[in-house]
Amino acid sequence: MFRMMRAVPRMANMRQATIKSQTVKAVTKKVSLTQAAKNIPARTMASQAQSNQDFDSQYIAYFNRPDIDGWEIRKGMGDLAALDLVPEPQIVAAALRACRRINDFSLTTRILEVVKIKCGDRESEIWPYMLQELAPTLSELGIPTPKKMGYDQPELALPNPYNIH
């Protein structure tokens, strides 16, 4: 006959700590706040701060790779969108050229929309500057702006009922 083995040991065989023993151990080991803070592992991001030129060149080199695909472009733009900054026009131009290399027109539109949204409450200052700097790239690649495509106005918007009369 075959003997069945348990995958989980029985509770009687397992050694369990009681609430009282846990409480006594916690009270007997007194730790000050400074000792506790020293034991917390610190997570450092980098030993030195990255300069703006290094940051820009890193993303420009990322988007200028010849073997980049659509997922990697979306990943790079997603990482840029997650940061608290508006990407430089050179980075956006490199991303648009990468979209052209993989023939993804819809992604160019989404990149321009994301950059416009990232301008936030300073859109009236930053967005015209971005369009001015990106104009040669947009004309070279044949990419219209979201305003030329009609994406600045909602397609199915209804008039405000409070402003009818």
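Readers should treat all values here as calculations from the given coordinates under stated rules, not as data from a laboratory. Quick caveat, the model's predicted, so the values are computed rather than measured.
A few remarks follow.
- Note that the stretch 52-148 carries a Kirkwood radius of 13.4 Å, evaluated over its alpha carbons pair by pair.
- Mean-position separation - Cα centroids, the stretch 63-91 and the stretch 133-165, in angstrom: 23
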